[in-house]
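Here is the structure we will look at.
The values are calculated or read from the model by the stated rules, or taken from the named source; none is laboratory data. Predicted, not measured: the structure shown is a model, and the values here were computed from it. For neighbour counting, all protein chains shown are included, and Cβ atoms are generated from backbone atoms with ideal geometry for every residue, glycine included. The accessibility values were calculated without ligands, DNA or RNA, using every heavy atom of the protein model including side chains. Shrake-Rupley method; radii C 1.70, N 1.55, O 1.52, S 1.80 Å.
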Amino acid sequence: MERSVAREYLEALIIAAIFLRFTNTWVVQTFYIPSGSMEQTLLIGDHLFVNRFIYGPTVTDLERKLLPLRPARRGDIVIFRSPENPAIDVVKRCVGVPGDTVDGVDKRLVINGKTVDDSNYAIHRDPNLYTETSLLSDQGRRRDNFGPESVQEGHYFCMGDNRDFSYDSRFWGSLPGHLVKGRALFIYWSNGGETSDGQWRGVWPQVRELGKTALGFFSKTRWERTFRLIR
């Protein structure tokens with residue numbers, strides 16, 4: 001007995017949904033930038049592909065030989081679940097790996113006693129320098145001076161490239177490795193127009209937002225950033 005056309009379409013949709021779910025969970029995922037904490041590397045409105053596979057659930061010696069799996073390295077731009085609110089995904093640069101000692105000295109990043117030359121990606125937009133004697137809370141002073149912080153096994157120290165305006169490991173500590181979701185690969189679209197903050201405000205506001213994005217697609221797209229590799 002021949003199957004109905006409707007049933008064939010339904011089965012195809014179910015299989016496609018399962019495949020997309022598997023791919024999004026284990027292989028590649030999309031992500032967009034809602035804040036300026038990674039400027040100028042990543043801008044508000046950049047939409048990324050994220051490699052979910054590279055770090056893998058576990059990395060054994062055999063897996064390292066057979067598969068392109070590895071732990072996060074210094075310099076990787078990683079997507080992870082917020083340690084304070086795991087429902088939120090965050091993007092930062094990994095600057096410290098297990099065994100490292102990380103310091104911040106007058107806005108300079110120091111790893112294992114050596115000052116890091118991060119001038120090709122890190123920026124400082126606030127001319128003020130907060131020291132130990134500044135009349136600020138401990139959290140405020142830690143922006144420019146912190147540490148030494150020892151990165152424990154299975155953890156990473158992550159910071160935003162926009163150093164003066166990033167909430168990162170300087171404030172909430174090292175990132176547990178199990179919260180890392182993947183590594184940012186490349187920008188597939190960069191929207192220079194109004195960008196969603198990710199908050200759900202109902203169907204019609206969402207429809208209006210999508211309509212504005214569609215109408216401004218050609219005029220607001222930053223074409224020069226399309227398919228740019230993220231480093």
**Item:** Any hit, the stretch 77-86, residues being aromatic (Phe, Trp, Tyr), in contact with a Ser or Thr (Cβ under 6 Å, 6 or more places away or on another chain) and either touching a residue at least 12 places away in the same chain (Cβ under 8 Å) or assigned to a strand (DSSP E or B) (or both)
**Value:** no
Checking Leu48, Leu42, Leu20 in turn, the sole residue that is open to solvent by 60 Å² or more (accessible area, probe 1.4 Å), farther than 19 Å from Pro176 by Cβ and either modelled with pLDDT of 95 or more or out of contact with any Asp or Glu (no Cβ under 6 Å at 6 or more places or on another chain) (or both) turns out to be Leu20
Flagged in the stretch 101-134 as buried (at least 18 other Cβ atoms within 10 Å of the Cβ) and assigned to a loop (DSSP other than H, G, I, E, B), in numbering order, are Ala122, Tyr130
Any chance the stretch 92-100 includes a residue that's assigned to a strand (DSSP E or B), of a type in the set (Gly, Ala, Ser) and in contact with a Phe, Trp or Tyr (Cβ under 6 Å, 6 or more places away or on another chain)? yes
Restricted to the stretch 165-182 and to residues being under 21 Å from Gly36 (Cβ atoms) and part of a helix (DSSP H, G or I), the residue most open to solvent (accessible area, probe 1.4 Å) is Phe165
